[in-house]
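Read the structure below first, then the notes.
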Amino acid sequence: MADKLWHGRFEAPPSKITEEISESISYDNALYKVDIRASLAHARMLQSVGVITSEDLRQIETGLAQVLAEIEAGKMHFSAALEDIHMHVESRLTEIIGDTGKKLHTGRSRNDQVAVDTHLFVREAIAENRRDLVELLQTLFDLAQGNADKIWIGYTHLQIAQPVSLSHYLLAYFWQFARDLEFLDFVRQSARFSPLGAAALGGANYPVDRQQTATELGFAAPYANSMDAVANRDYQLNYHFWVTRLFLHISRFCEDIIIYNTTEFGYVTLGDAVTTGSSIMPQKKNPDIAELLRGKTGRVNGNLQALITNLKGLPLTYNRDLQEDKVYLFDSVAQARQGLLGMKEILRHIRFNEERVRDNLSRGFALATDIADFLVREKKIPFRDAHAVAGAAVKFAEDNKTRLENLDNDAWSRIAGFALEFPAGFFTPEASIGRRQGEGSTNPDAVRQQLKLAGNFLSASLQA
Ligand code: ARG
């Protein structure tokens, strides 16, 4: 029979469907680089503890370098018969350097091998995600800083609520993504231990130096427990939840943008770079990228749910079910990249149309709260009664097809039942925003303070 690397005790080859179900090379070839890196660390450790000779190590290093080059050049032939990336690398190494290649797997199992590979893969993905996320934060911060004087509109229940500054609106998303950055650092922490040296589950039958491989591969330390080391997938769960939560934030932002980009709202205009046309309706300029990012939330949440379901009730330690984890992982890593780059691109090609916003603030009686608060402050009227007067004013304006800022003193006095007039400029959105008080509010001073906090967060993130 064909010599499977584990063929020793077998007399018959696996069925075709067994081979098809077993293989993971069709997707785990993505691990080739980290697999070779971990193998090099393992081989160096084997040499330094005297399990293999310096000459063995030299051959293995040369051979692995060639395997790496072949894969990068697209010259490696991948075959389901060799199951996975680990077998491919080892068997090609043995073809190149001969029997010494067969020593590489000493004191190691595919269980700790695949575990160390995925740890390294996740850590690399996190490093890239971190860079992309910081750039997204920088883009949002720059937009917020450049739009401190622009008027924007705040909604609750998707009903016009109150004026805010555009900075304030943008910073609301800045802080969501800032929390994603903090969370990402935690996810990275959860992948800080090295599984290498755990072997199948109980540790190696050789004097392996797990500290050495951990250090060479950039881990903080080896896993404290070899069974936990090969069974644990918590760092992947964390990563999936991170991606899912990131996409929840992206999807909410994209939803705002999709709505605001409609003819009906017209608050933003998306540029050609992030829109696409319709094959039948020539007038269309669709926000497909924002829609796709919104839609991908379902996909990455699916990957999270898939891993949760896979892990549920798995007995210790390694079970082949775990091979499937990489299907979900690779996909979510790719989606996270697109989500971060796509969101940034949308923000680089968006125009904010303040005029439309101002018009809707007025049409939507967005200063009704200001009227109530004016009556409380200036007329010493209890808030509930003031609320009723402001409500009556809205009804009056609606019935008379006019707007609050157009009511004259007569109208106000009739509505209130007492002499009432408002100071000049009271009804501008700027005046409304200026009346807001307290840290974290949309008051321009508070927003300046907030921009400072955001800037500090960003520079700390750039240093970390
Ligand atoms: N390709 C496998 C995986 O991803 C490698 C581990 C195989 N281990 C085993 N005991 N059969 O999980």
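The values are calculated or read from the model by the stated rules, or taken from the named source; none is laboratory data. In this text the structure is predicted, and so the values were computed from the model without any measurement. Positions of Cβ are generated from backbone atoms using ideal geometry, with glycine treated the same way; all protein chains shown enter the neighbour counts. Accessible surface is based on the protein model in full, side chains and every heavy atom, while ligands, DNA and RNA are left aside. Shrake-Rupley method; radii C 1.70, N 1.55, O 1.52, S 1.80 Å.
Counting only residues at least eight positions apart within a chain, or on another chain, the lysines with an alpha carbon under 25 Å from that of K103 are K4, K33, K75. Around the Cα centre of region 5-98, unit charges on the Cβ atoms of Lys, Arg, Asp and Glu (plus for the first two, minus for the last two) sum to a dipole of about 240 debye. Ignoring aspartates and glutamates fewer than eight residues from K326 along the same chain, the ones with Cα atoms less than 17 angstrom from its Cα are E20, E23, D28, D35, E83, D84, D112, D117, E124, D234. Net charge of the neighbourhood of D445, taken over other residues with C-beta under 15 Å away and scored Lys/Arg +1, Asp/Glu -1, is +1. FRET efficiency for the F265 to E291 pair, using the beta carbon distance and R₀ = 25 Å, is estimated at 0.95. In loop segments of region 319-372 as defined by DSSP, there are no trypsin sites (Lys or Arg not before Pro) with at most 14 further C-beta atoms inside 10 Å of their C-beta. Inter-label distance, F396 to T276: 5.3 nm, where each label sits 7 Å from its Cα along the C-beta direction.
Computed on region 114-262, with alpha-carbon pairs under 8 angstrom and 6+ residues apart, the relative contact order is 23 percent.
Does anything in region 75-97 have its amide N under 17 Å from the 7 Å Cα→Cβ label point of N29, and if so which residues? Once the point is set 7 Å along Cα→Cβ of N29, 75-93 turn out to lie under 17 Å by backbone N, inside region 75-97. By accessible area, using a 1.4 Å probe on protein heavy atoms only, region 164-226 has 53% of its surface on carbon and sulfur. Cross-link check: pairs K296/K344; K150/K344; K150/K296; K285/K452 evaluated at a Cα-Cα cut-off of 26 Å; pairs beyond the cut-off: K150/K296; K285/K452. For the chain, a Kirkwood hydrodynamic radius built from all Cα pairs, placed in the Stokes-Einstein relation at 25 °C and 0.890 mPa s, yields a translational diffusion coefficient of 93 µm²/s.
Measure nothing but the geometry: give the 0 to 90° angle between the long axis through the Cα atoms of 54-72 and the longest principal axis through the Cα atoms of the chain, rounded to 10°. Value to nearest ten degrees: 50.
About its Cα centre, the dipole of the chain is roughly 680 debye, where the only charges are +1 on Lys and Arg Cβ and -1 on Asp and Glu Cβ. Ranking G271, H77, V333 by how far each Cα lies toward the positive end of the dipole of the chain (charges on Cβ) leaves G271 at the top.
Can you put K16, K150, K285 in order of accessible area, largest first, using a 1.4 Å probe?
On the way: K16 150, K150 60, K285 100 Å².
Solvent-accessible surface, decreasing: K16, K285, K150.
Over every Cα atom in region 281-430, the radius of gyration and the widest Cα-Cα span, Dmax, amount to 27.5, 81 Å.
Ordered from highest to lowest accessible area with the whole protein assembly present and a 1.4 Å probe, E216, E11, E90, E19 read as E11, E216, E19, E90.
Charge dipole (Cα centre; +1 on Lys/Arg Cβ, -1 on Asp/Glu Cβ; no other charges) of region 105-144 amounts to roughly 260 debye.
Quick one, can you get me the convex hull of the C-alpha atoms of region 90-221 expressed as volume per residue in Å³?
Values: hull volume 21.5 nm³, N = 132.
Output value, Cα hull per residue: 163 Å³.
Measuring only protein heavy atoms, the 1.4 Å probe finds W6 accessible over about 80 Å². Once you reduce region 145-219 and region 49-118 to the center of their Cα atoms, the two points are 34 Å from each other.
The helix-based estimate of mean residue ellipticity at 222 nm for the chain, built from -39,500 (n - 2.57) per DSSP H run of four or more residues and divided by its residue count, is -20000 deg cm²/dmol to the nearest 500. Farthest towards the positive end of the charge dipole of region 224-268, among the residues T262, V243, A224, is the Cα of A224, using unit charges on the Cβ of Lys, Arg, Asp and Glu.
Sparsely packed loop sites in region 254-339 (the GluC sites (Glu not before Pro) outside DSSP H, G, I, E and B with at most 10 other Cβ atoms within 10 Å) comprise E264. Across the options A204, G434, Q449, the greatest Cα extent toward the positive end of the charge dipole of the chain (unit charges at beta carbon of Lys, Arg, Asp, Glu) belongs to G434. Under 19 Å of direct C-alpha separation, and excluding same-chain neighbours fewer than eight residues apart, K395 reaches these aspartates and glutamates: D359, D370, D373, D385, E405, D408, D410, E421.
Mind checking the log10 I(q)/I(0) for region 170-318 at q = 0.20 Å⁻¹? Debye, one equal scatterer per Cα, no solvent, two decimals. Treating every Cα as an identical point scatterer, log10 I(q)/I(0) equals -1.20.
Restricting region 407-464 to chymotrypsin sites (Phe, Trp or Tyr not before Pro) that sit in a DSSP loop and have at most 16 other Cβ atoms within 10 Å of their own Cβ leaves F418, F426. Rolling a 1.4 Å probe over the heavy atoms of the protein chains gives the chain an accessible area of 47 Å² per residue.
Accessible surface ranking for S79, S24, 1.4 angstrom probe, highest first: S79, S24. V389 sits with roughly 20 Å² accessible to a 1.4 Å probe, with DNA, RNA and ligands left out of the calculation. Once all protein chains are placed together, E72 keeps about 100 Å² accessible to a 1.4 angstrom probe.
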